[in-house]
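Here is the structure we will look at, set down as structure tokens.
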Amino acid sequence: MSDVNSLRTYREQYGLSQEELGEQVGVTRQTIATWERGDRQPSLIQLSKVAKVFGVPPDLLLQPEVQKITPITTGSLSLLFRADDPLALTSIVREHLTRKAVDFSQIEKMVGEVPVLPVSRPIEEYEETVVEDLAKEVRNWLGVGEFAPIGDVLALLEAKSLKIIEYSLENQISGFSAYTDDWGGVIFINTSHPTERKFFTALHELAHLILHRREYRQPQGRSRPTDPREKAANHLAGAVLLPLGAVQRELHAYKNRWLPEPLLQDIKRRYGVSLRTTLYRAEQAGLITKQQKGQQIGILNKKYGAEEELPKLPSPQRLTRLKRLVYTALVKEEITASRAAEILEENLRIVQKDLLEWLHQDGEELN
């Protein structure tokens, strides 16, 4: 294992002393000190505990110089990434995400499913009417009604054969997207984020795959919220979740009036959209002013913090597409149980147990 030379940096960023970190990990202050000096190395279990404290993948704690990254390719293919903050897409994170995408693609091929890449619709500038029209097309592509709540966004995207991969990222990072023409589109989402943020992130990254495909082949600078590309991706995500017709139907009685928080919370429960996104959509629909939107968001930030809000939406309980493909490959004896456990990053016993449950449920549906 590499020295954990970045441990001190993370610890200081989180404002923890060596003793405080040691208490959370279950070791002494002296042990933390030896890790930071490189005199000793933590075990895998200890490294996982440290990573959990900081909310980052364990490999981000490893010394970057020792992590020699070899781009993963299949033939002449390599995965093309896009990130709103390219600095967050470190070589180690890129390596892990690429391996996950490769595993997903290989399983897809084994069971005979065809990868999908959404149609590219490049735009040069952010135009609200263009984005609203495109949102209608996306909802139609996903097979949902014109105004109805969209439901589980991740399940809908997986039903279109897109690869959705949840991964533990730093809290400020929502996700990434990537593609190749042969592997299709891949959307990576921060597994620790609340449900409504996962939904929005998935559609935000889908928007980039549709609107800004050319950028995946070019070096990128950090995108700002005022960047036309980010505004277009955010607008498309919000418009797919909460169409203008639905906004008018839900909020027309409150035109030029204060939007009560209980009303925003009710919309969140039914549409899977954050309180703040509903306020943005109300402004885009012309029901409230930009000033009022800012005032109401400011109150929410003061009450909950910049990223939190109530109510907490439950996480959808579903069999992910990757699990379904892995279980199918297992039944077809295309892979071993240990390989399945490796791909799913789960205990072998859990994989075997879940496979039996899946076979039982699948059998009941067939009957």
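The values are calculated or read from the model by the stated rules, or taken from the named source; none is laboratory data. Quick caveat: nothing in here was measured; it's all calculated off a predicted structure. Cβ atoms come from the backbone with ideal geometry, glycine included; neighbour counts cover every protein chain shown. Surface areas here come from the heavy atoms of the whole protein model, side chains and all, with no ligands, DNA or RNA. Shrake-Rupley method; radii C 1.70, N 1.55, O 1.52, S 1.80 Å.
What FRET efficiency do you get for D227 and L356 if R0 is 45 Å and r is their Cβ-Cβ distance, rounded to the nearest 0.05?
According to the calculation, E is roughly 0.40.
If each of V130 and R249 carries a label point 7 Å out from its Cα toward its Cβ, how far apart are those two points in nm?
Modelled inter-label distance: 2.9 nm.
So between N140 and E113, what do we pick up on full extension, going 0.36 nm a residue minus the alpha carbon distance?
7.5 nm
Which percent of the accessible area of region 140-226 is formed by carbon and sulfur heavy atoms (probe 1.4 angstrom)?
48
Counting each DSSP H run of 4 or more residues in the chain as -39500 (n - 2.57), what helix-only mean residue ellipticity at 222 nm follows after dividing by all residues, to the nearest 500 deg cm²/dmol?
Counting only the DSSP helices, I get -16000 deg cm²/dmol.
List the residues whose amide H sits under 5 Å from the amide H of E166, counting only those 5 or more places along or on another chain, with H placed 1.01 Å from N in the peptide plane.
Long-range HN contacts for E166: I189.
Given the Cα-Cα distance of R214 and S338 and 0.36 nm per residue of separation, how much length would full extension add, in nm?
So the extension gain works out to 40.8 nm.
Across region 273-288, in residue order, what do the Karplus-derived ³J(HN,Hα) couplings come to in whole Hz, using 6.51 cos²θ - 1.76 cosθ + 1.60 with θ = phi - 60° and x for Gly and Pro?
10, 5, 4, 5, 5, 4, 5, 4, 5, 5, 5, 5, 7, x, 8, 9
Hey, with R₀ at 30 Å, roughly what FRET efficiency would E345 and D182 work out to, going by the Cβ-Cβ distance, to 0.05?
0.75
Please compute one quarter of the surface area of the Cα convex hull for the chain and express it in square nanometres.
Spelled out: convex hull of the Cα atoms, projected over all directions, averaged, 20.9 nm².
For region 251-290, just run the numbers: alpha carbon Rg, then divide by 2.2 N^0.38 Å, N being how many residues it has.
That ratio works out to 1.04.
As a test, work out the antiparallel percent of DSSP beta bridges whose residues both lie in the chain, rounded to the nearest 5.
70
Dividing the alpha-carbon Rg of region 10-56 by 2.2 N^0.38 Å yields what?
Working it through for region 10-56, the quotient is 1.01.
Determine which lysines satisfy two conditions relative to K268: a Cα distance under 18 Å, and not lying fewer than 8 residues away in the same chain.
The reachable lysines, counting only those whose Cα sits under 18 Å from K268, are K198, K293, K303, K312.
Skipping prolines and chain starts, which residues have an amide H placed within reach, meaning under 5 Å, of the one on S177, given they are 5 or more residues away or on another chain?
Here R82, F188 satisfy the definition.
Anyone know which of T320, T201, T226 comes out most mobile in the 10 Å Cα GNM of the chain?
T226
Let me have the relative contact order for the chain, percent, based on Cα pairs under 8 Å that are six or more residues apart.
Dividing the mean separation by the residue count of the chain yields 15 percent.
Once you have the Cα-Cα distance between E307 and E261, take 0.36 nm times their residue separation minus that, and quote the gain in nm to one decimal.
Difference between extended and current length: 15.0 nm.
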